[in-house]
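Heads up: the structure comes next, in structure tokens.
The values are calculated or read from the model by the stated rules, or taken from the named source; none is laboratory data. Model, not experiment: these values are computed from the prediction. In this analysis, Cβ positions are derived from the backbone assuming ideal geometry, glycine residues included, and neighbour counts consider all displayed protein chains. Calculation scope for accessible area: heavy atoms of the full protein, side chains included, ligands and nucleic acids excluded. Shrake-Rupley method; radii C 1.70, N 1.55, O 1.52, S 1.80 Å.
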There are 2 protein chains.
Amino acid sequence: MFKKFKIPEATVGRLTSYSRFLKEADEKGISTVSSQQIAKATGVTPAQVRKDLAYFGEFGTRGVGYNPRELYNYIMKILGLDRRWPVIIVGAGRLGAALSMYRGFAERGFDIAGIFDVDPEKIGRKIGDIEIRPVEELAERVKEHSIKLGIVAVPAASAQEVVDIMVDAGIKGIINFAPVNVSVPEGVVLRRVDLASQLEYLTFHLGESR
Amino acid sequence: MFKKFKIPEATVGRLTSYSRFLKEADEKGISTVSSQQIAKATGVTPAQVRKDLAYFGEFGTRGVGYNPRELYNYIMKILGLDRRWPVIIVGAGRLGAALSMYRGFAERGFDIAGIFDVDPEKIGRKIGDIEIRPVEELAERVKEHSIKLGIVAVPAASAQEVVDIMVDAGIKGIINFAPVNVSVPEGVVLRRVDLASQLEYLTFHLGESR
DNA sequence: ACAAATTTGTTAATTTTTTAACAATGTCCC
DNA sequence: GGGACATTGTTAAAAAATTAACAAATTTGT
Ligand SMILES: NC(=O)c1ccc[n+]([C@@H]2O[C@H](COP(=O)([O-])OP(=O)(O)OC[C@H]3O[C@@H](n4cnc5c(N)ncnc54)[C@H](O)[C@@H]3O)[C@@H](O)[C@H]2O)c1
Ligand SMILES: NC(=O)c1ccc[n+]([C@@H]2O[C@H](COP(=O)([O-])OP(=O)(O)OC[C@H]3O[C@@H](n4cnc5c(N)ncnc54)[C@H](O)[C@@H]3O)[C@@H](O)[C@H]2O)c1
């Protein structure tokens, strides 16, 4: 599709920011934006914006700038968001429930296509209009709907076990919210989100000025 | 305190991982660990572990390794976690509620010291044993308890407004969960956590194999 | 039509981060 | 006590990412 030799990890995150700004600009009826404006709005340098885009092609016009809608569409395609993605969540606790109801996912093309848990108390209940199902049904559902994405929101002690079940079922991309390192086989993309660590980043830097 | 010339941003995140492993090792009664073992458990290279630590001092013994408890204590000190930190949360919605109840924060030294919202329906209710208070009371509470850390869990449209209130009150480190760029003055550390973007990282990489 | 002003895409330079290499130090075993 | 082995701290090399610079393309004003 696009040349994907070696894209800096951070570029992907910035593309998300750019796309959000571009969508807003388009909705305001703006017909051209410069790398300067994109940079200002997203907190990076104009050179960075152009460099990031250059990995994937030429999307602007010299002397003019970019068309927001057009560039937005390109970026969404680069990110793989020119389609909708079903996502399963394992762990219907507080975090799992919050994520299940998060409208921001749907806005970016992600549909919650299943919530699983082991707690008999929770199975059968609904979060929004999705019923919590036992983990035993996970594989069937993943296969039936060719689901590729999963979110792990179970306690740390169960995270690896859940990841293994997901991988066996055919999940190819996983976000793990449990504060523990889990391993996945080649070909499965894993991302850990450690919220306590985010706070620690702050305290580390506050410490600098002591 | 420590020399802090220029520490890679990623180092801070890795220190969190190391510390978690070291705590476990210590609790198992293990008396020495090597950079090799730390690396294996946290998914990095041994050289990386030693380099990360070298920014801050010498914590091991050549030919031997590190004492888990000792190194754990050092790292916690480096991260600024040799004390407890009160944290306020603004936005008592689904995410704010989940975060308020998250035991993982307390385990790392963070205490939820206030939850604020504007919704009259929510003010006065309790999450766990903390009462949701109106945002108007934020400044008073922050000043009274010298609170330095805040979490923003309000809709994107209100994020900047809330950040401004926090900064005015004296908050020095902020985590923003709203999918929007907000700005803070010099001297305030800001971190954005964009969960949709995490999923997009996955779809981007899944796209590679198409 | 042409000069001045913009703004991109791309290449080069710089900076930052990671990885590798190895001398210094310590343990273990005979 | 000495040689084989292990493991750190540190320096050097390599790789990756960011920033800067500038030629090419476009628009605007005269
Ligand atoms: N609550 C937060 O704000 C928050 C923030 C960051 C990280 N986390 C992490 O996310 C995870 C979930 O946190 P939480 O607060 O929602 O916890 P929780 O205890 O409220 O929910 C965990 C859920 O997982 C289910 N579960 C346990 N083992 C399971 C298994 N093997 N298969 C399927 N489901 C299983 C439990 O029944 C429960 O419903 C934890 O690892 C936590 O550290 C939570
Ligand atoms: N729910 C999730 O899992 C999730 C995940 C990632 C990011 N987010 C982001 O976190 C934020 C909160 O999400 P949510 O799902 O909890 O939304 P929510 O609507 O459930 O809660 C938002 C809360 O903020 C309060 N609020 C609004 N304006 C305020 C103001 N000016 N001052 C104080 N409080 C105010 C509202 O009264 C409400 O209680 C959003 O920006 C969302 O995009 C949510």
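In table form, for the structure just shown:
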{"quantity": "Scan of region A:139-167 for residues that are open to solvent by 80 Å² or more (accessible area, probe 1.4 Å) and within 10 Å of ligand 1 (Cβ to nearest atom), ordered by number", "calculated": "A:155, A:157, A:161"}
{"quantity": "Top-ranked residue of region A:86-95 - restricted to ones that are within 12 Å of chain B (Cβ to nearest Cβ) and touching a helix residue (DSSP H, G or I) at 6+ places or on another chain (Cβ under 6 Å), ranked as farthest from residue B:204 (Cα to Cα)", "calculated": "A:94"}
{"quantity": "Filtered residue count, region B:20-58, keeping only those that are within 14 Å of DNA strand C (Cβ to nearest atom), basic (Lys, Arg) and open to solvent by less than 60 Å² (accessible area, probe 1.4 Å)", "calculated": "0"}
{"quantity": "Within region B:180-194, tally of residues that are more than 7 Å from chain A (Cβ to nearest Cβ) and open to solvent by less than 50 Å² (accessible area, probe 1.4 Å)", "calculated": "4"}
{"quantity": "Subset of region B:35-64 (residues that are out of contact with any Phe, Trp or Tyr (no Cβ under 9 Å at 6 or more places or on another chain), hydroxyl-bearing (Ser, Thr, Tyr) and more than 15 Å from residue B:8 (Cβ to Cβ))", "calculated": "B:61"}
{"quantity": "Every residue from region A:168-179 that is surrounded by fewer than 16 Cβ atoms within 10 Å (Cβ to Cβ) and either within 16 Å of ligand 2 (Cβ to nearest atom) or under 20 Å from the mean Cα position of the chain (by Cα) (or both)", "calculated": "A:170"}
{"quantity": "Subset of region B:6-17 [surrounded by 13 or more Cβ atoms within 10 Å (Cβ to Cβ) and either more than 11 Å from chain A (Cβ to nearest Cβ) or closer than 11 Å to residue A:197 by Cα (or both)]", "calculated": "B:12, B:13, B:14, B:15, B:16, B:17"}
{"quantity": "Single residue of region B:67-108 satisfying the filter (outside any helix (DSSP H, G or I) and among the β-branched types (Val, Ile, Thr)) that is surrounded by the most Cβ atoms within 10 Å (Cβ to Cβ)", "calculated": "B:89"}
{"quantity": "Residue count, region A:59-73 (criterion: within 14 Å of another protein chain (Cβ to nearest Cβ) and near DNA strand C (Cβ under 8 Å from one of its atoms))", "calculated": "0"}
{"quantity": "Test for residue B:111: is it open to solvent by 70 Å² or more (accessible area, probe 1.4 Å) and within 14 Å of chain A (Cβ to nearest Cβ)", "calculated": "no"}
